[in-house]
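Working notes, beginning with the structure itself.
Coordinate-derived values only; no laboratory data. It should be emphasised that the depicted structure is a prediction, and the values quoted were computed from it without experimental measurement. Neighbour counts run over all protein chains shown; Cβ positions are idealised from the backbone, glycine included.
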Amino acid sequence: MPTTRQLVLLTAAAGSLVLITLVLLASTGAVSATAAVLFGMSAVLLGAQVLLITGIRRTDGKALRIDARTKRCEAAIARTAAAVERLGSRLDEISELLGQDRLQHDENLRAILASLGEERLHAMSMRQEMRGVIDDLLPRLTTLEAKGATETRAATESGK
């Protein structure tokens, strides 16, 4: 099927041939000058109508293409908006989960630090108890060592 531009070119060529033919017929006297002018004017008006209709068709085609493109863009924007909304809700869920995880982590850390503190306090009290026991035993050990050394000396001297 020929395009509108090809049809316009064909019509323009046919119109110019008709006008040339009318001029030749009027100059030879086959057609009166008034009839030739009327036929010529009607051909020119017909050509103008064809150009006008072709221009309108082209404009209408462009408007339809623009409308289709606009609808595609609107659909793409709607899909993007839906995706952004889904991502936003997912980010809200993730941030909520991260907040809960942070709270759980803080709670675990507090429990660990409390446990370490309790163990340290327990270790300190055990150290103080052990220090008390050592302080009680050291004088006794010194006394026993001194006694043992005296007995050893006495045994060695009596054994000589």
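Of all the listed residues (ARG58, ARG69, ARG102), the sole one being over 30 Å from LEU7 (Cα atoms), under 41 Å from the mean Cα position of the chain (by Cα), surrounded by 10 or more Cβ atoms within 10 Å (Cβ to Cβ) and charged (D, E, K, R) is ARG102. A single member of ARG69, ARG58 is closer than 30 Å to VAL8 by Cβ, in contact (Cβ under 8 Å) with a residue 12 or more places away in the chain and assigned to a helix (DSSP H, G or I), and it is ARG58.
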